[in-house]
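Trainee: Take a look at this one; I'll ask things after.
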Amino acid sequence: GHVYRVLTYALHFLGDVNHPKRDAIALALVHHDIGLWADEVLGYIEPSQVRGTDAAAALGWDAEQIQLVDDIIHWHHKTSPFEGLNADVVNAVMKADLVDFSISILSMGLPWAHTKTVVKAIPLAGFHTMLLWMPIKLKGLAGLPQGLMEFMSIFKR
């Protein structure tokens, strides 16, 4: 559900549900957090990037499309605006991911009625609870401090 909600919010920020980069956004979102589960690491950005760019390459995408997938995944937790090729797309995904991660507490200008409609159609289904428990699941209570430090590595300036 997280992927679909973030895609919906990102396309809203871009102002076009049929945005020309929609397929690249969707592919990047499918992979943007996948390292957390597939590789079972809390510093999951780099493994997610590898999986996402490999998938784009396997589809025969050109270098610009692959770079967009890589940028979306790498920078989706950036704490300041992204500057570079396709900045509008990368920044829209960054904002959209933050909206969903924060359960719309940080709306980034998205109308509350819109997020409410999206969550009703695509329920949270325990996503946020799972995120809270993932450091303990992967590191145990004794490894929680180290796990939290690893988790913090996903945030970029």
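Trainee: Any residue in region 143-157 that is farther than 22 Å from Ile73 by Cβ sitting within a Cβ distance under 8 Å of a residue that is of a type in the set (D, E, K, R)? List the pairs, counting only those 6 or more apart or interchain.
Mentor: Every condition considered, the pairs that remain are Gln146/Lys139.
Trainee: Still on this structure, I have one more. Consider Gln65 carefully, then state whether it is open to solvent by less than 40 Å² (accessible area, probe 1.4 Å) and either in contact with a Leu (Cβ under 9 Å, 6 or more places away or on another chain) or not charged (D, E, K, R) (or both).
Mentor: Numbers: open to solvent by less than 40 Å² (accessible area, probe 1.4 Å): no; either in contact with a Leu (Cβ under 9 Å, 6 or more places away or on another chain) or not charged (D, E, K, R) (or both): yes.
Considered against the rule, which asks whether it is open to solvent by less than 40 Å² (accessible area, probe 1.4 Å) and either in contact with a Leu (Cβ under 9 Å, 6 or more places away or on another chain) or not charged (D, E, K, R) (or both), Gln65 comes out as no.
Trainee: Quick check: is even one residue across region 25-45 open to solvent by 60 Å² or more (accessible area, probe 1.4 Å), at pLDDT below 95 and in a helix (DSSP H, G or I)?
Mentor: yes
Trainee: Would you say His128 is within 23 Å of Lys21 (Cβ to Cβ) and out of contact with any Ser or Thr (no Cβ under 8 Å at 6 or more places or on another chain)?
Mentor: Details: within 23 Å of Lys21 (Cβ to Cβ): no; out of contact with any Ser or Thr (no Cβ under 8 Å at 6 or more places or on another chain): yes.
So His128 fails the test.
Trainee: Select from region 23-58 the residues that are within 14 Å of the chain's Cα centre (by Cα) and of a type in the set (D, E, K, R) and list them in ascending order.
Mentor: Asp33, Glu46, Arg51
Trainee: Here's a follow-up. With the condition kept exactly as written, say whether any residue in region 134-151 is of a type in the set (Asp, Glu) and either over 16 Å from the mean Cα position of the chain (by Cα) or at pLDDT below 90 (or both). If you could, list the steps in order and put the result at the bottom.
Mentor: Narrowing region 134-151 to residues of a type in the set (Asp, Glu): 150.
Subset that is either over 16 Å from the mean Cα position of the chain (by Cα) or at pLDDT below 90 (or both): 150.
Yes, because at least one residue in region 134-151 is of a type in the set (Asp, Glu) and either over 16 Å from the mean Cα position of the chain (by Cα) or at pLDDT below 90 (or both).
Trainee: For region 107-126, does any single residue satisfy the condition of being in a helix (DSSP H, G or I), under 21 Å from Val41 (Cα atoms) and not hydroxyl-bearing (Ser, Thr, Tyr)? Full working, then the answer.
Mentor: Going through region 107-126, the residues in a helix (DSSP H, G or I) turn out to be 112-121.
Narrowing further to those that are under 21 Å from Val41 (Cα atoms): none.
Looking through region 107-126, none of the residues is in a helix (DSSP H, G or I), under 21 Å from Val41 (Cα atoms) and not hydroxyl-bearing (Ser, Thr, Tyr).
Trainee: I would also like to ask the following. I'd like to know if region 92-108 contains one or more residues that are surrounded by fewer than 12 Cβ atoms within 10 Å (Cβ to Cβ) and modelled with pLDDT under 95. Let's see the steps before the verdict.
Mentor: Narrowing region 92-108 to residues surrounded by fewer than 12 Cβ atoms within 10 Å (Cβ to Cβ): 105.
Of the ones still in play, those that are also modelled with pLDDT under 95 are 105.
Scanning region 92-108 turns up at least one residue that is surrounded by fewer than 12 Cβ atoms within 10 Å (Cβ to Cβ) and modelled with pLDDT under 95.
Trainee: What number of residues within region 148-157 are assigned to a helix (DSSP H, G or I) and either open to solvent by 80 Å² or more (accessible area, probe 1.4 Å) or among the aliphatic types (A, V, I, L, M) (or both)?
Mentor: Of the residues in that region, 3 qualify.
Trainee: Taking region 126-147, which residues are under 30 Å from Pro81 (Cβ atoms) and surrounded by 13 or more Cβ atoms within 10 Å (Cβ to Cβ)?
Mentor: Taking region 126-147 as the starting set, the residues that turn out to be under 30 Å from Pro81 (Cβ atoms) are 127-128, 130-132, 134-135, 147.
Selection gives Phe127, His128, Met130, Leu131, Met134, Pro135, Gly147.
The values are calculated or read from the model by the stated rules, or taken from the named source; none is laboratory data. This is a predicted model, so every value here is computed, not measured. As a convention, Cβ positions derive from the backbone with ideal geometry for all residues, glycine included, and neighbour counts pool all protein chains shown. Ligands, DNA and RNA are excluded from the accessible area calculation, which covers all protein heavy atoms including side chains. Shrake-Rupley method; radii C 1.70, N 1.55, O 1.52, S 1.80 Å.
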